[in-house]
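Reading through the structure tokens given below for one structure.
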Amino acid sequence: MDAREECRGDTADPLVVANDVDASLAWVRENVAAAQSHLEWRFRQGVPVDVLVEQRSRFVDSVLRLAWRRFGLDEHGPRHALVAVGGYGRGELLPSSDIDLLILARQTMRGRESERIRDFLAFLWDIGLAVGNSVRTVRECMNEARRDVTVATNLMEGRLVCGSADLLARMHDRTGPDRIWSSRRFFEAKMAEQRGRHRKFDDTGHNLEPNVKEGPGGLRDIQTIGWVARRHFGAQTLAELVDHGILTTEELAALESGRRFLWRVRFALHVLTRRAENRLLFDYQRQLAEMLDFEDDGDRLGVERLMKRYYREVMEVSRLNEMLLGHFEEVILYRHRQDRVKPINRRFQAVNGYLEVTRKDVFRRFPFALLEVFLLLQQHPDIEGVRASTIRLIRANRYRIDNRFRADIRARSLFLEILRQPRGINHELRRMHRYGILGAYLPVFDQVAGQMQYDLFHVYTVDEHSLFVVRNLRMFADPARHHEFPHCANIFARLPKPELLYIAGLFHDIAKGRRGDHSELGSDLVREFCTLHGFGQYDTGLVAWLIRHHLLMSITAQRRDISDPAVVSEFAQTVGDHVHLDYLYLLTIADIRGTNPGLWNDWKDALLHDLYRSTVRALIRGLENPIERAELVRETRDEAGRLAAAAGIDHRATQALWDNFGDDYFLRHSADEIQWHASNILNADADDIPLVLVRVGRGGIEVFVYAPDREFLFAASASILDRLGLTVLDSRIITGNHGMTLDSYVVDDIAASSAGDSLHEEIRTALQSGLRKPADVPRRVRRLAKRQLKHFTIPVEVNFTCDASNQHTVMEVIAADRPGLLAHIGWALADARVRIRHAKIATFGERAEDVFYVTDEHNRPLAESRLAKVYDGVRAALEPR
């Protein structure tokens, strides 16, 4: 038996490569693959990930040394150095991590030596090692590092694999802080680098699909601590920071625990994807949860348990990162500066612009000072932050916030005073959350920290979402943002107590994850908070009402026909008065905008504004005197007539045209829209029919179609708009008594390839051409669904309600969102000879909830006998095939 066979025997360690420079390429490749498989097997068996990361690095070291000798690169002694840099230099190799190498040469390589290096690197790729490499002299390293702090960082972590140790030492000397990138410059560059990296993730690690490596609180934040420590203190490991008095043993344990967890997640990602994937995409989250033993538990899915653990870990890493970098800032940037001390009160002072306790036992003697910190930061805008030593004391004294603390009138008063300040509310609530004080003071808030919902609608955890809502509310009070939200800013300015709105923002989702209606449960929880904090009966009732009804305005605007006076009257009855309406309107907008950056659009803004305006009118008239349909129709028609006359349109012609349309036309369109339609219809020639008008309107692109009433018109229109990459947000279908139909659409051009006038012309041309023969428009949709949608299975639901007073049937369809959904429904209804009069399109992440107001071919509600056929047709069109 030769050496190779002996090494590969059953008792051999797969992580030890044979010391045979003549082994065949195929054998070495097989050995490398076997080692990788063995590491994955050990990972699944529960071997600690830090052990596996170190073992993979050692194994790669041994393969590289073998290859180095194989190509004679040590033939005449250690003339060059093979150096591991980057993560490999730190000894942190995960299954698909890049193997970054520096080949350090005494002088520029030429001829045979250069060929050997090329053969060496080619061999590494051939055996399955993905290497990144550079070949440089010491001088070249110094020049590159001087230009780029990233290169300097990689070289700083350089570790000798084989070759000349003296050459590596010279490189470290020439690229050290005494030569280039002093501790100060290096720290400033790394801080700027981290800030820029965090901005790419909206400054939160609590995104729906977070990045384990680059996101806030991820592995890169831990590495940044290590880099700065190595540059300034020469610390090779985080543990050495304890010896320098920078880290406590508890903080070291927390950092190492966070790193191990993140390594486990990243290791599993690499195993699962077979590549260097660092994003926790929906595609992998369920499988990762299973691989990491997070099982479904009661009301919580295993994937939700995994993500909650992830979010809590990155939050703790973020807290430690902030504290330690703050400490480094004091040591590195201000060590030679004489302290400027400004007394604040008996407990606090400002030192060089940062808040600090006056004595180390402040929080023991005055526990309420744990909240006072944040109030002082609001009241003293010249203070830039909190000193690292004081952050450490805050963390160490969090346990003092107990029921006795919460019952202390001083603590309660301080918390409310924070919410009543004219500035810094959002900033300090976030700081409280980072330091662990907000969750300690509000245990119900701590329960939702890291709480995610496995869907595409909520892209942040509950705690992050709630803080984003408060941020959005604060924007309404910011004069610099007045131009962005003028209507909201005007309403906000007249609120009697804005702090009630902030409390509603903090508590509106506080009961998420509990059994039962989170709105009802949250209402009960906020009552307890208000009672504890001494709120009066009216204020308590207002906040509790806001939380109980925080979804009401959004649902009414997006799911119901708000052109119907009865719907507005019902909503106004629930709201009751102008004060409740103002608070609810602002909370609704802030909530939608804080749920998902892509969720808010001009159309939702227009819907909510219209509902607000209609409700104000209903409240002014009096709830006992609701507006009648006939009165609203008459008012709208009269206003449209005045606009038409001002535009020079013949009065008798417009009245004759409008006599062909029913009341619904004047209920569902504004006077401006009606005048626009009339002007173009009356000026159209026969060749212009079907007439298609396109303009930018409130909430999106308005598309108006005036055409002979034919079958399949709606379905064909929906298909054409979908093929153009447009999303239909709203549709209104009016059939006149003169054989013509007036179809209005509001579309969003987010996915369209064209823009501006060219897009408008593209819409006009496509619809005019296709609607001449709507039955011939292709039904098949070619657009691909979003990647994330395939991970959700939503059963198709079709529900019918007869609205006899309005002479139509309401059909609600719930299904998984996908391209062409509206068109599929349209074709199914057309095949069943059902007319669509109005459609409310609402998408919540992966879930579409569309409402259709339909009639039979005689414009009557659907007979009971027809519902089963329509139900079957719609389900058949939407069920996965």
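Would it be correct to say that Thr855 is farther than 20 Å from Leu729 by Cα, of a type in the set (Val, Ile, Thr) and surrounded by fewer than 23 Cβ atoms within 10 Å (Cβ to Cβ)? Lay out the reasoning, then the answer.
On the way: farther than 20 Å from Leu729 by Cα: yes; of a type in the set (Val, Ile, Thr): yes; surrounded by fewer than 23 Cβ atoms within 10 Å (Cβ to Cβ): yes.
Spelling it out, Thr855 is indeed farther than 20 Å from Leu729 by Cα, of a type in the set (Val, Ile, Thr) and surrounded by fewer than 23 Cβ atoms within 10 Å (Cβ to Cβ).
Only residues that are surrounded by fewer than 18 Cβ atoms within 10 Å (Cβ to Cβ) and either in a helix (DSSP H, G or I) or touching a residue at least 60 places away in the same chain (Cβ under 8 Å) (or both) were counted in region 610-628, giving 10. Every condition in (1) in a helix (DSSP H, G or I); (2) open to solvent by 30 Å² or more (accessible area, probe 1.4 Å) holds for Arg515 except the one numbered (1).
Give the residue, chosen from Asp293, Asp297, that is at positive phi and more than 24 Å from the chain's Cα centre (by Cα). Please lay out each step first, then the result.
Values: Asp297 fails: at positive phi.
After applying the criteria, what remains is Asp293.
Contact annotation: residue pairs with Cβ atoms under 7 Å, 6 or more positions apart or on different chains, pairing a residue in region 348-368 that is over 14 Å from Asn397 (Cβ atoms) with a partner that is open to solvent by less than 30 Å² (accessible area, probe 1.4 Å) and small (Gly, Ala, Ser), are Tyr354/Gly385.
Selection over region 46-59 of residues that are in contact with a Phe, Trp or Tyr (Cβ under 7 Å, 6 or more places away or on another chain) and either among the hydrophobic types (A, V, I, L, M, F, W, C) or in contact (Cβ under 8 Å) with a residue 40 or more places away in the chain (or both) gives a count of 4.
Considering region 374-420, and only residues there that are among the β-branched types (Val, Ile, Thr) and without any contact (Cβ under 8 Å) to a residue 40 or more places away in the chain, the residue that is farthest from Val331 (Cα to Cα) turns out to be Ile409.
Are there any helices (runs of 4 or more DSSP H) wholly within region 18-121 with 3 or more residues that are out of contact with any helix residue (DSSP H, G or I) (no Cβ under 9 Å at 6 or more places or on another chain) and surrounded by 14 or more Cβ atoms within 10 Å (Cβ to Cβ), and if so which? Give the steps one after another, and end with the answer.
Values: elements: 25-44, 49-70, 86-89.
The qualifying helices (runs of 4 or more DSSP H) are 25-44, 49-70.
Can you pull out the residues in region 634-686 that are among the polar types (S, T, N, Q) and either within 26 Å of Arg560 (Cβ to Cβ) or surrounded by 18 or more Cβ atoms within 10 Å (Cβ to Cβ) (or both)? Walk me through it before giving the result.
Kept after step one, since they are among the polar types (S, T, N, Q), are these residues of region 634-686: 636, 654-655, 660, 670, 675, 679-680, 683.
Answer for region 634-686, where residues must be among the polar types (S, T, N, Q) and either within 26 Å of Arg560 (Cβ to Cβ) or surrounded by 18 or more Cβ atoms within 10 Å (Cβ to Cβ) (or both): Thr636, Thr654, Ser670, Gln675.
Against the conditions (1) open to solvent by 60 Å² or more (accessible area, probe 1.4 Å); (2) within 30 Å of Val854 (Cα to Cα); (3) touching a Ser or Thr at 6+ places or on another chain (Cβ under 7 Å), Met553 satisfies every one except (1).
Filtered by the rule that a residue be in a loop (DSSP other than H, G, I, E, B), open to solvent by less than 20 Å² (accessible area, probe 1.4 Å), touching a residue at least 24 places away in the same chain (Cβ under 8 Å) and not aliphatic (A, V, I, L, M), region 142-184 gives Glu157, Gly158, Ser164, Thr175.
Give region 544-572 a look and list any residue that's assigned to a loop (DSSP other than H, G, I, E, B), free of Cβ contacts under 8 Å to residues at least 60 places away in the same chain and more than 22 Å from Lys512 (Cα to Cα), or say none.
The initial filter retains those residues of region 544-572 that are assigned to a loop (DSSP other than H, G, I, E, B), namely 549-551, 560-564.
Within this subset, residues satisfying the condition of being free of Cβ contacts under 8 Å to residues at least 60 places away in the same chain are 549-551, 562.
Passing the criteria: only Ile562.
Inside region 423-458, can you point out the residues that are aliphatic (A, V, I, L, M) and either at pLDDT 90 or above or surrounded by fewer than 23 Cβ atoms within 10 Å (Cβ to Cβ) (or both)? Give the steps one after another, and end with the answer.
First pass over region 423-458, keeping only residues aliphatic (A, V, I, L, M): 425, 429, 432, 437-438, 440, 442, 444, 448-449, 452, 456.
Correct list: Ile425, Leu429, Met432, Ile437, Leu438, Ala440, Leu442, Val444, Val448, Ala449, Leu456.
Close contacts from region 856-881, counting a first residue that is closer than 28 Å to Gly739 by Cβ and a second that is in a helix (DSSP H, G or I) and among the β-branched types (Val, Ile, Thr), with Cβ to Cβ under 7 Å and a gap of 6+ residues or different chains, come to Leu862/Val870; Val874/Ile825.
Restricted to region 307-419, the set of strands (runs of 3 or more DSSP E) holding at least 1 residues that are crowded, with 19+ Cβ neighbours inside 10 Å, modelled with pLDDT of 95 or more and touching a strand residue (DSSP E or B) at 6+ places or on another chain (Cβ under 8 Å) comprises 348-351, 354-357.
Looking at (1) of a type in the set (D, E, K, R); (2) in contact with a strand residue (DSSP E or B) (Cβ under 9 Å, 6 or more places away or on another chain); (3) surrounded by fewer than 18 Cβ atoms within 10 Å (Cβ to Cβ), find the lone condition where Arg481 falls short. In the conditions (1) of a type in the set (D, E, K, R); (2) in contact with a strand residue (DSSP E or B) (Cβ under 9 Å, 6 or more places away or on another chain); (3) surrounded by fewer than 18 Cβ atoms within 10 Å (Cβ to Cβ), Arg481 misses (2) alone. Within region 581-606, the set of residues being without any contact (Cβ under 8 Å) to a residue 60 or more places away in the chain and either over 15 Å from Gly699 (Cα atoms) or open to solvent by less than 10 Å² (accessible area, probe 1.4 Å) (or both) comprises Leu581, Leu584, Thr588, Ile592.
Counting just the residues of region 243-273 that are among the charged types (D, E, K, R) and under 19 Å from Ser318 (Cβ atoms), which one comes out most open to solvent (accessible area, probe 1.4 Å)?
As a first pass, look at region 243-273 and keep what is among the charged types (D, E, K, R): 243, 250-251, 256, 259-260, 264, 266.
Next, only the ones that are under 19 Å from Ser318 (Cβ atoms) stay: 250-251, 256, 259-260, 264, 266.
On the way: Glu250: 129, Glu251: 13, Glu256: 56, Arg259: 52, Arg260: 94, Arg264: 78, Arg266: 22 Å².
In this case the residue turns out to be Glu250.
When region 274-285 is limited to residues that are in a helix (DSSP H, G or I) and in contact (Cβ under 8 Å) with a residue 60 or more places away in the chain, the one that is surrounded by the fewest Cβ atoms within 10 Å (Cβ to Cβ) turns out to be Asp283.
Let's see how each residue does on (1) in a loop (DSSP other than H, G, I, E, B); (2) among the aromatic types (Phe, Trp, Tyr); (3) over 23 Å from Thr793 (Cα atoms):
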position: His838; (1), (2), (3): no, no, yes
position: Glu849; (1), (2), (3): no, no, no
position: Val854; (1), (2), (3): no, no, yes
position: His858; (1), (2), (3): yes, no, yes
position: Leu862; (1), (2), (3): yes, no, yes
position: Ala868; (1), (2), (3): no, no, yes
position: Gly873; (1), (2), (3): no, no, no
position: Ala876; (1), (2), (3): no, no, no
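Are any residues in region 122-136 part of a loop (DSSP other than H, G, I, E, B) and of a type outside the set (A, V, I, L, M, F, W, C), and if so, which ones? Across region 122-136, the qualifying residue is only Gly128.
Of all residues in region 704-711, none are under 25 Å from Arg560 (Cβ atoms), of a type in the set (Ser, Thr, Tyr) and surrounded by fewer than 22 Cβ atoms within 10 Å (Cβ to Cβ). If we scan region 636-650, do we find a residue that is under 24 Å from Asp730 (Cα atoms), part of a helix (DSSP H, G or I) and out of contact with any Phe, Trp or Tyr (no Cβ under 9 Å at 6 or more places or on another chain)? Looking through region 636-650, at least one residue is under 24 Å from Asp730 (Cα atoms), part of a helix (DSSP H, G or I) and out of contact with any Phe, Trp or Tyr (no Cβ under 9 Å at 6 or more places or on another chain). A residue that is open to solvent by less than 30 Å² (accessible area, probe 1.4 Å), closer than 23 Å to Pro498 by Cβ and in contact with a helix residue (DSSP H, G or I) (Cβ under 8 Å, 6 or more places away or on another chain) occurs nowhere in region 565-574. Look at (1) open to solvent by 60 Å² or more (accessible area, probe 1.4 Å); (2) closer than 20 Å to His232 by Cβ; (3) without any contact (Cβ under 8 Å) to a residue 24 or more places away in the chain and you find that Ala192 fails only one, number (1).
Of everything in region 572-599, what is of a type in the set (S, T, N, Q) and within 23 Å of Glu624 (Cβ to Cβ)? Give them in sequence order.
We begin by selecting, within region 572-599, every residue of a type in the set (S, T, N, Q); these are 573-574, 588, 595-596.
The answer is Gln573, Thr574.
The values are calculated or read from the model by the stated rules, or taken from the named source; none is laboratory data. None of these values were measured; they are calculated from a predicted model. Glycine also receives a Cβ, built like all others from the backbone with ideal geometry; neighbour counts cover every protein chain displayed. Heads up: the accessible areas ignore ligands, DNA and RNA and are worked out on the full protein's heavy atoms, side chains in. Shrake-Rupley method; radii C 1.70, N 1.55, O 1.52, S 1.80 Å.
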